[in-house]
Amino acid sequence: MRVVRRELGDVLLLETMVFSDVRGFFVESYNRRAFAEAVGVDVEFVQDNHSRSARNVLRGLHYQIRQAQGKLVRVVAGEIWDVAVDLRRSSPTFGKWAGCTLSADSKQMLWIPAGFAHGFLVTSEHADVQYKTTDYYAPKEERTLLWSDADLAIDWPHSGGPVLAPKDAAGTRFAAAETFP
């Protein structure tokens, strides 16, 4: 596994080893020991999630305030533009965001540690996104940052307005959001 550091030093792009031949390919998508060596921390994943979304669906920017989740995100069909926002007040990158393209073709994964908001926009006809989390989903702890907050100035690559869930359309502005120490 090769690690590519992103603009936010703790958010890491992980490139897996792909073994291809005439039959197709093989990828070891997760190995706890290799992951710990690559990112420098041994975490326990407790939940796997899978979403399917159509083009221009924007999910996020989500986080949990008391049961913060680290996420290991990968795309198994299609392509997304994935975004993480640093919500750790003690971090030198507090309030900054980083985005990157993840696709089934690249087989790359993104590690987003606890303390970040996360969201993605589907840029292909549809996308299946799978991600592991380091804590369980806790609806009472879930928060949503406003995807279009001018203070964050996230450069989403969509044409026209995105397709949003009501909670995402009504997200909280960064200036009023609950954050982490």
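The numbers here are math on the coordinates, done by the rules we state, and not lab data. All figures in this text were calculated on a predicted structure; none of them were measured in a lab. Neighbour counts are summed over all protein chains in view; Cβ atoms, including those assigned to glycine, are modelled from backbone coordinates with ideal geometry.
Might you report the magnitude of the Cβ-based charge dipole of the range 45-176 about its Cα centre, with Lys and Arg at +1 and Asp and Glu at -1, to the nearest 20 debye?
Working: 15 positive and 14 negative charges, 70 e Å.
Charge dipole, the range 45-176, about its Cα centre: 340 debye, nearest 20.
Farthest towards the positive end of the charge dipole of the chain, among the residues 113, 175, 75, is the Cα of 175, using unit charges on the Cβ of Lys, Arg, Asp and Glu. Packing here is the average count of other Cβ atoms within 10 Å per residue, and on that basis the peptides 136-146, 160-170, highest first, run 136-146, 160-170. Along the axis of the charge dipole computed for the chain (Cβ charges of +1 for Lys and Arg, -1 for Asp and Glu, origin at the Cα centre), the listed residues 29, 94, 16 are led at the positive end by 94. Placing a pseudo-label 7 Å from each Cα along the Cα-to-Cβ vector at residue 173 and residue 5 gives an inter-label distance of 3.4 nm.
Quote to one decimal, in nm, the extra length available between residue 51 and residue 142 on full extension: 0.36 nm per residue of separation minus the C-alpha distance between them. Numbers along the way, then the final one.
Numbers: separation 91, 0.36 × 91 = 32.76 nm, distance 1.73 nm.
Result: 31.0 nm gained on full extension.
Mean separation of Cα pairs under 8 Å and 6 or more residues apart, divided by the residue count, gives the range 44-165 a relative contact order of 43 percent. With a Förster radius of 25 Å applied to the C-beta separation of residue 21 and residue 124, the computed FRET efficiency comes to 0.45.
For the range 45-176, what is the percent of antiparallel DSSP beta bridges, rounded to the nearest 5? The partial results should precede the final answer.
Details: 38 of 40 bridges.
That works out to approximately 95 percent antiparallel.
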